[in-house]
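Undergrad: Below is a structure I'd like to ask you about.
The values are calculated or read from the model by the stated rules, or taken from the named source; none is laboratory data. Just so it is clear, the model here is predicted, and its values are computed rather than measured. Quick reminder, even Gly has a Cβ in these numbers, built from the backbone with ideal geometry, and neighbours come from all protein chains shown. Accessible surface is based on the protein model in full, side chains and every heavy atom, while ligands, DNA and RNA are left aside. Shrake-Rupley method; radii C 1.70, N 1.55, O 1.52, S 1.80 Å.
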There are 2 protein chains.
Amino acid sequence: MKRYISKNQKRSDALSKVTGEATYTHDIVVPGMLFAKVLRSPHAHARIRKLDVSKAAALPGVKAVATWENTPRKLFNSTGMMAFLYPGAKPAMDEYIFDQMVRHVGDEVAAVAATSEEIAAEAIRLIEVEYEPLPALLDPLDALEEDAILIHGDIQDNNIASGTHTIRQGDFEKGWAECDVTYEARVKLPIQKQAQLETHAAVAEYRNGELTVWSPTQSVHGTKYILAHIFDMSAGNIRVMNPPYVGGAFGVRVGFGGKAEGIVSCLSMLSGYPVKLVLTREEDFTVSDTRHSGYVDIKLGAKADGRFHAFGMNAYLNTGAYGTHGIEVAACLGNMATSTYRVPNIFFEGASIYTNIVPAGAFRGFGNPQAVFAVETAVDALAKKLDIDPVELRLKNRIRVNDEWPLSYPCSSTALDECIKQAAAKIGWSEKRGRAGQGRFRRGVGLGAGTHFCGYDELAHVSLELETDGSLSVFTGNSEIGTGHITSLQQITAESFGCEIEQVNIKYGDTRGTPYDVGCHSTRSVFAIGNAISMAAGELKEQVLQYAAGAMGCSAEALSIESGRVRGGPEEMDLGQLARDGHIHKTHFSAEGKSKEAVTVTPWEAHAAEVEVDTLTGMVKVLKVVAAHDVGVAINPQLVEGQIEGGVVIGIGYATREEMSINEKGEVYNSSYHTYMLPTFADTPEIEPVIVESYEPRGPYGAKGVGECGLVPTAAAIAAAVEDATGVRFLEIPLTPQRVLDGLQAACVTCQAEKEGGTIDVE
Amino acid sequence: MKRYISKNQKRSDALSKVTGEATYTHDIVVPGMLFAKVLRSPHAHARIRKLDVSKAAALPGVKAVATWENTPRKLFNSTGMMAFLYPGAKPAMDEYIFDQMVRHVGDEVAAVAATSEEIAAEAIRLIEVEYEPLPALLDPLDALEEDAILIHGDIQDNNIASGTHTIRQGDFEKGWAECDVTYEARVKLPIQKQAQLETHAAVAEYRNGELTVWSPTQSVHGTKYILAHIFDMSAGNIRVMNPPYVGGAFGVRVGFGGKAEGIVSCLSMLSGYPVKLVLTREEDFTVSDTRHSGYVDIKLGAKADGRFHAFGMNAYLNTGAYGTHGIEVAACLGNMATSTYRVPNIFFEGASIYTNIVPAGAFRGFGNPQAVFAVETAVDALAKKLDIDPVELRLKNRIRVNDEWPLSYPCSSTALDECIKQAAAKIGWSEKRGRAGQGRFRRGVGLGAGTHFCGYDELAHVSLELETDGSLSVFTGNSEIGTGHITSLQQITAESFGCEIEQVNIKYGDTRGTPYDVGCHSTRSVFAIGNAISMAAGELKEQVLQYAAGAMGCSAEALSIESGRVRGGPEEMDLGQLARDGHIHKTHFSAEGKSKEAVTVTPWEAHAAEVEVDTLTGMVKVLKVVAAHDVGVAINPQLVEGQIEGGVVIGIGYATREEMSINEKGEVYNSSYHTYMLPTFADTPEIEPVIVESYEPRGPYGAKGVGECGLVPTAAAIAAAVEDATGVRFLEIPLTPQRVLDGLQAACVTCQAEKEGGTIDVE
């Protein structure tokens, strides 16, 4: 019987967050600090001919002006170590903090540190720049043309960011020819923005050769690594920390966030003062990583009995001006596209392609939502051609444990079948599917399925110390980005060690004194850090029990730690008493948890959506989403449900509303919360999270991850439901009213609506 | 051939200290912080009948008033865990932050936090207190009288702080009777003050249930422990850190310093703001631990051939109002008194006794200077009686390796003979001894010898991380209190691991993320932390070489780390490259160094002094001190010499000038740098530090410690030199002009001076 596992433990950060006591980077005040502003390129692509900062530098209150001329000329990749973790990867090293070339609208030209934000802003206006505009590429397919201008011509002779990712299994060409039914299509995917509540910000203090940086990064050690690399500093002289809270992340804060950390570090070094930079919302939208947009070509073929036989895919992702996570996202897209269903013959090729728009990088799902939207479109199409129920077809073809597949890790557990069945059942599949009718408002249901991965190829380390009051301190380089997983880790610690949860203090989000960790991302934290904690807590318990046995003169086997006390011996001992006694007798109880090998496990998910399409206006209203997830054992079911619900909302936005629009000059049109249409509460339907528990033998207490999974198949399920409602399958998202109307009209469905008395403008 | 051992490596903190960039607790500014002032008792002993803070609390700008009525009623010992480490010790738990009883002039009555220091000071004046004065005890012998008032009557029925320490070896009574010559005397020892440059100070911020304290403590983990105890908090929610520099410590900052940490923590909790307290110099003198004054009775007897045969000692230390380190200092006094010379029959009994004066606690030497002053007085007296040269008598009786002695650890190395010989030779013993002449100015030479201990019963832990740039981060809970030993530890790290010293970053003085350590005191840091580092660096090197061997396909035995590169294989590998490659291949290089057992080793020292006594004024001028020290191998000879020189200056002050004077009301008379006569540069003679290297097999690279040793025999040597000059042996220090004149007059030496034409007032 577990005391803290599968329990809805209250979040440990709840009180400080609801009372407003919680500190974020925006709140950081360092005595004597200056305020920074950044001059950004108005051009999508240009060379800076002349840069005159003399008037800005002369403005009273200005303490430093940073440009490409007085800051390090060292190329970096802004993801920290993360981009290097993909086996065999050669990550794009293509960024400077400031460069003489600007490669997208918003690219950094110069930055000023001054005694007030107003003075810094005024100084920015006084900087004189002469640009030589260059032709700009906006579309990845254009960037692949032979005569395309090279965006990083100084370091490479094509526009592909760090190569292509290829997957092969069986013989795709032969298999394709053997299929009885086939489907092929190109889907087009939008730029989605993380739009996290706290804009990018950072504070740096360079003093006595040591650099301290406060930042909302998801990977404090990764950010430390980039800074050490850029400034050629000993990494031990750099400290990166969260304050400790992070106002949302969703992938955009892996490593640098909008280069804020690098900019304030330059300015602090140049000025000798601490420096703070807070990006405006417009800057945040314009310069920090987005989800990769682009094109995915899919080919899926099956035998007459419905068995998938051949799968082909080409992905052309738009990575914008810099490569960041480019190759990884392309690889993840391919891996996720090819690991939900059994297909003997597979070919995938994908790449991230440079253009002159805002860079794309990590965003919750990391290529998987793009993959699943394409795959599930094809699965539904084949179901129609085969006349097999889409649910049946998915159940028939789903991957089983230890199936052969193209991935480097095995499928060690899956309850995808149960996810699909429960999602279908709870949306009312059998009653509602295929019953859209012919009125103005048409309803339909659809389903999408997918997988993800957690713990992928990343090490986890923690250190544990038993304190003299009997509490347990856990040190991890992980961050709390708003998910609540620190509470789940407390639960795992208390369960593993045998203490009360109130006795567990987890210290995170600080490179100082925490062992190396790649950070909070990739659905890894509960799984990977949880495993490291379990290991360390087991060792610590052993130390304590051996010592207590010696102290009490009994056998350690008889003893256990329960509720923070050692029980089973001639007397009960309190953990604090033991720790103090240990110190007096030259024993300190501490342990390290260090993952010995890279373990990757697979969460699974199926979403079913019900929608109502207004055929007159093109408005898609999502009525309900059932989100069934195989997360292994849910350590904290309420937090898992929260992750699922949050994911579904992003999935709904991806499917129906969210799209960063970039005009022909490369300018972002909708760079604010007013114009970028995030779903609000009013747009959020009933969401029914369903936890389908399995037991993952390699996870802590059977747990897998959930973080990214919540949005993976949502858009596919909604598009399928829209098809069920209207008969039209949309190959491009989001399903905005205009796009839906255009599609319905193209399919002559709007004509039908007109017949029934509605009026509609069609261009 | 060692690259970094026995090398004068420049201090890593030198630049920041000479440029003024170095940050101390006095420099800490936390946004929004308040300023604290303390109301202190004007009475040596009183009960507070009434305490009215209403006017103070009503003063605009006042945010909190702390008294015994609104702060924790939990008794503590202000030394942290340290007082608990003495085996079998029951440390005095006798202090509250604020109490209804005040037990010495300066004892805390109340504290105010306000928006400025001026407002806080005004509020202090507005607090109304009605005291019931009680009889006060000032002398420890008075406090032992049967009818003495009890100073801690609520917790114990005598005035002895935490018991007496007894040492027995052989049969003292029998041995004493068997002696051919004997000497007995009572020596009287003064209150010496650490008088460190930075007065006690602390800043606390209590926020979201977490308490952060900046403090100049010598033991961050110890201070954390006391705070957790007092406030009944989970220790993991408390962070104590140095800023990181400490403006001198000398023992006074073990655990709390003048309760500043406790006071600001109370005020931050009460007010909700960060709070800073900086003690004035007068407060620092009046309320923080001093060196124990008191009386030591010694009996030393020898056989006719000069072999010591019986040793008896009773120590009556004045611990003032609180026990702090009382029993430990008494025990150390006894241990040190009985471990320099072979004596078959030993009896020692010592105790620290409560009085109503400023508390005594840890001060460099920790009972040893008191012990050695008494012992060496007796040795010189026996030499005279036996007509044996004092140098010869010491050489004859000195302890040898593995001699039986009353201590719990063995004498594992000693070069005391060489120390004595070199000190004597370099002061010109044979030419100068016994040649004082009869003029007004008389010169003499004297010698004192002693030992100390390092690593005593204390655990050391460090953790090491190889960073991705190839640098090595070392995390330790130790502090840098001005000694420079962090540089020595860098040397040990670089030597042990094989990297460049610039690649070593030692992070210290912060409980966050450092393994438990008892702190920087007890001459332990280079020895104990150095050993832990050697252990961890050896393990880390093994990890790196094994990995490199795998990567290069060669045998690990062939490889070594030199100058930060792995050499000996088919190719050279850079440590940064290896660390990054390791991360990609799921290996992180880190190691813990954890001392497995308590190891204590013995440094040794002999000081020889030459003095000139002005028999007209009584002024003792120290002309030269030769300080010969067996420190094992000196890791950084220049730093060792610095420690010795600093120690000698304190020893000179102890011998000739320094004495806190307390009047009959218990008030400290000389609580400022103007009135407390620290030796200045003008008072400092030529000091010749002599490093007598031995090799301590259990130390890092053969090293022992040196920190406290520099002052241990200085006062004894100076008193011996004064005797050589004047024929008068003074049993009380410091040898102020008045005391010397009185003594000379008593011995009729002044009469002689008068005969020769000088005039002198004698009362």
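Undergrad: Being facing chain A (nearest Cβ under 10 Å) and either open to solvent by less than 60 Å² (accessible area, probe 1.4 Å) or not in a loop (DSSP other than H, G, I, E, B) (or both) is the filter here; which residues of region B:1-15 pass it? Explain how you work it out, then say what you get.
TA: Filtering region B:1-15 down to residues facing chain A (nearest Cβ under 10 Å) leaves B:12-13, B:15.
Across region B:1-15, the qualifying residues are B:ASP13, B:LEU15.
Undergrad: Just one of (1) touching a strand residue (DSSP E or B) at 6+ places or on another chain (Cβ under 8 Å); (2) surrounded by 24 or more Cβ atoms within 10 Å (Cβ to Cβ); (3) of a type in the set (A, V, I, L, M) trips up B:LEU144, so point out which.
TA: Of (1) touching a strand residue (DSSP E or B) at 6+ places or on another chain (Cβ under 8 Å); (2) surrounded by 24 or more Cβ atoms within 10 Å (Cβ to Cβ); (3) of a type in the set (A, V, I, L, M), only one is false for B:LEU144: (2).
Undergrad: Right, B:SER413: within 14 Å of chain A (Cβ to nearest Cβ), under 30 Å from B:ARG342 (Cα atoms), surrounded by fewer than 24 Cβ atoms within 10 Å (Cβ to Cβ) and touching a residue at least 40 places away in the same chain (Cβ under 8 Å) or not? Reasoning before the result, please.
TA: Details: within 14 Å of chain A (Cβ to nearest Cβ): no; under 30 Å from B:ARG342 (Cα atoms): yes; surrounded by fewer than 24 Cβ atoms within 10 Å (Cβ to Cβ): yes; touching a residue at least 40 places away in the same chain (Cβ under 8 Å): yes.
In short, no.
Undergrad: Please go through region B:275-305 and pick out each residue that is over 25 Å from B:VAL358 (Cα atoms), open to solvent by 10 Å² or more (accessible area, probe 1.4 Å) and in contact with a helix residue (DSSP H, G or I) (Cβ under 7 Å, 6 or more places away or on another chain).
TA: The one that is over 25 Å from B:VAL358 (Cα atoms), open to solvent by 10 Å² or more (accessible area, probe 1.4 Å) and in contact with a helix residue (DSSP H, G or I) (Cβ under 7 Å, 6 or more places away or on another chain): B:LYS299.
Undergrad: Considering each of A:GLY255, A:GLY294, A:GLY251 in turn, give the residue that is within 20 Å of the chain's Cα centre (by Cα) and within 14 Å of another protein chain (Cβ to nearest Cβ).
TA: Values: A:GLY294 fails: within 14 Å of another protein chain (Cβ to nearest Cβ); A:GLY251 fails: within 14 Å of another protein chain (Cβ to nearest Cβ).
That would be A:GLY255, the only listed residue that is within 20 Å of the chain's Cα centre (by Cα) and within 14 Å of another protein chain (Cβ to nearest Cβ).
Undergrad: Somewhere in region B:665-673, is a residue under 21 Å from the mean Cα position of the chain (by Cα) and outside any loop (DSSP other than H, G, I, E, B)?
TA: no
Undergrad: Could you please find all residues in region A:641-659 being of a type in the set (A, V, I, L, M, F, W, C) and touching a strand residue (DSSP E or B) at 6+ places or on another chain (Cβ under 6 Å)?
TA: Just the residues of region A:641-659 that are of a type in the set (A, V, I, L, M, F, W, C), to begin with: A:644, A:648-650, A:652, A:655.
Selection gives A:ILE644, A:VAL648, A:ILE652.
Here is a yes/no grid of residues against (1) more than 14 Å from every other protein chain (Cβ to nearest Cβ); (2) on the phi > 0 side of the Ramachandran plot; (3) open to solvent by 10 Å² or more (accessible area, probe 1.4 Å):
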{"residue": "A:HIS165", "(1), (2), (3)": "yes, no, yes"}
{"residue": "A:GLU173", "(1), (2), (3)": "yes, no, yes"}
{"residue": "A:LYS193", "(1), (2), (3)": "yes, no, no"}
{"residue": "A:ARG207", "(1), (2), (3)": "no, no, yes"}
{"residue": "A:LEU211", "(1), (2), (3)": "no, no, no"}
{"residue": "A:PRO216", "(1), (2), (3)": "yes, no, no"}
{"residue": "A:HIS229", "(1), (2), (3)": "no, no, yes"}
{"residue": "A:SER234", "(1), (2), (3)": "no, no, yes"}
{"residue": "A:VAL246", "(1), (2), (3)": "yes, no, no"}
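Yes/no per residue for (1) more than 26 Å from B:VAL474 (Cα to Cα); (2) open to solvent by less than 10 Å² (accessible area, probe 1.4 Å):
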position	(1), (2)
B:LYS594	no, no
B:VAL613	yes, yes
B:ALA627	yes, yes
B:ALA634	no, yes
B:GLY647	yes, yes
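Undergrad: Assess whether B:ILE481 counts as being buried (at least 24 other Cβ atoms within 10 Å of the Cβ) and out of contact with any Ser or Thr (no Cβ under 8 Å at 6 or more places or on another chain).
TA: Details: buried (at least 24 other Cβ atoms within 10 Å of the Cβ): yes; out of contact with any Ser or Thr (no Cβ under 8 Å at 6 or more places or on another chain): yes.
Spelling it out, B:ILE481 is indeed buried (at least 24 other Cβ atoms within 10 Å of the Cβ) and out of contact with any Ser or Thr (no Cβ under 8 Å at 6 or more places or on another chain).
Undergrad: Considering every residue within region B:745-757, establish whether at least one is in contact with a Gly (Cβ under 7 Å, 6 or more places away or on another chain), over 30 Å from B:SER6 (Cβ atoms) and either among the small types (Gly, Ala, Ser) or at pLDDT 95 or above (or both).
TA: Looking for residues that are in contact with a Gly (Cβ under 7 Å, 6 or more places away or on another chain), over 30 Å from B:SER6 (Cβ atoms) and either among the small types (Gly, Ala, Ser) or at pLDDT 95 or above (or both), one finds at least one in region B:745-757, hence yes.
Undergrad: Under the condition of being outside any loop (DSSP other than H, G, I, E, B) and among the acidic types (Asp, Glu), which residue from region A:705-731 is nearest to the chain's Cα centre (by Cα)? Break it down stepwise before answering.
TA: If we filter region A:705-731 for residues that are outside any loop (DSSP other than H, G, I, E, B), which is where we start, we get A:709-711, A:714-726.
If we keep only those that are among the acidic types (Asp, Glu) as well, we get A:723-724.
Details: A:GLU723: 29, A:ASP724: 30 Å.
Per the stated criteria, the residue is A:GLU723.
Undergrad: Among (1) out of contact with any Lys or Arg (no Cβ under 8 Å at 6 or more places or on another chain); (2) open to solvent by 10 Å² or more (accessible area, probe 1.4 Å); (3) not in a loop (DSSP other than H, G, I, E, B), which single condition is B:ALA374 missing?
TA: (2) is the only condition that B:ALA374 fails.
Undergrad: Just to verify a result, which residue in region B:439-455, among those that are in a loop (DSSP other than H, G, I, E, B) and surrounded by 24 or more Cβ atoms within 10 Å (Cβ to Cβ), is nearest to the other protein chains (Cβ to nearest Cβ)? Show your work before the answer.
TA: The first filter runs over region B:439-455 and keeps only residues in a loop (DSSP other than H, G, I, E, B), leaving B:439-440, B:452-453, B:455.
Restricting the remaining residues to those that are surrounded by 24 or more Cβ atoms within 10 Å (Cβ to Cβ) gives B:452-453, B:455.
Details: B:HIS452: 20, B:PHE453: 15, B:GLY455: 11 Å.
Selected residue: B:GLY455.
Undergrad: Still on this structure, please answer the following. Can you confirm whether B:ALA136 is in contact with a Lys or Arg (Cβ under 8 Å, 6 or more places away or on another chain), in contact (Cβ under 8 Å) with a residue 24 or more places away in the chain and of a type in the set (A, V, I, L, M)?
TA: Values: in contact with a Lys or Arg (Cβ under 8 Å, 6 or more places away or on another chain): yes; in contact (Cβ under 8 Å) with a residue 24 or more places away in the chain: yes; of a type in the set (A, V, I, L, M): yes.
Against the criterion (in contact with a Lys or Arg (Cβ under 8 Å, 6 or more places away or on another chain), in contact (Cβ under 8 Å) with a residue 24 or more places away in the chain and of a type in the set (A, V, I, L, M)), B:ALA136 qualifies.
Undergrad: Of the residues that make up region A:172-183, is at least one under 30 Å from the mean Cα position of the chain (by Cα) and over 30 Å from A:TYR676 (Cα atoms)? So that I can check it myself, show each step before the final result.
TA: Taking region A:172-183 as the starting set, the residues that turn out to be under 30 Å from the mean Cα position of the chain (by Cα) are none.
No, every residue in region A:172-183 fails to be under 30 Å from the mean Cα position of the chain (by Cα) and over 30 Å from A:TYR676 (Cα atoms).
Undergrad: Select the strands (runs of 3 or more DSSP E) contained entirely in region B:456-573, then report the ones holding at least 3 residues which are within 14 Å of another protein chain (Cβ to nearest Cβ).
TA: On the way: elements: B:461-466, B:472-475, B:504-507, B:560-562, B:565-567.
Once the strands (runs of 3 or more DSSP E) in region B:456-573 are filtered for at least 3 residues that are within 14 Å of another protein chain (Cβ to nearest Cβ), what remains is B:461-466, B:472-475, B:504-507.
Undergrad: Given the options B:VAL181, B:VAL220, name the one that is of a type outside the set (Ser, Thr, Tyr), in contact (Cβ under 8 Å) with a residue 40 or more places away in the chain, surrounded by 24 or more Cβ atoms within 10 Å (Cβ to Cβ) and over 20 Å from B:VAL329 (Cβ atoms).
TA: Details: B:VAL181 fails: surrounded by 24 or more Cβ atoms within 10 Å (Cβ to Cβ).
Just a single option satisfies the conditions, and that option is B:VAL220.
Undergrad: Got at least one residue in region B:712-723 being modelled with pLDDT of 95 or more and open to solvent by 10 Å² or more (accessible area, probe 1.4 Å)?
TA: Kept after step one, since they are modelled with pLDDT of 95 or more, are these residues of region B:712-723: B:712-723.
Among the residues that remain, those that are also open to solvent by 10 Å² or more (accessible area, probe 1.4 Å) are: B:723.
Yes: one or more hits.
Undergrad: Among A:ILE492, A:ILE506, which is the only one that is open to solvent by 10 Å² or more (accessible area, probe 1.4 Å), of a type in the set (A, V, I, L, M) and in contact (Cβ under 8 Å) with a residue 12 or more places away in the chain? It would help to see each step written out before you state the result.
TA: Values: A:ILE492 fails: open to solvent by 10 Å² or more (accessible area, probe 1.4 Å).
Sole residue among the options that is open to solvent by 10 Å² or more (accessible area, probe 1.4 Å), of a type in the set (A, V, I, L, M) and in contact (Cβ under 8 Å) with a residue 12 or more places away in the chain: A:ILE506.
Undergrad: Yes or no: region B:418-438 includes at least one residue that is open to solvent by less than 10 Å² (accessible area, probe 1.4 Å), within 23 Å of the chain's Cα centre (by Cα) and either touching a residue at least 24 places away in the same chain (Cβ under 8 Å) or within 27 Å of B:LYS704 (Cβ to Cβ) (or both).
TA: Within region B:418-438, one or more residues are open to solvent by less than 10 Å² (accessible area, probe 1.4 Å), within 23 Å of the chain's Cα centre (by Cα) and either touching a residue at least 24 places away in the same chain (Cβ under 8 Å) or within 27 Å of B:LYS704 (Cβ to Cβ) (or both).
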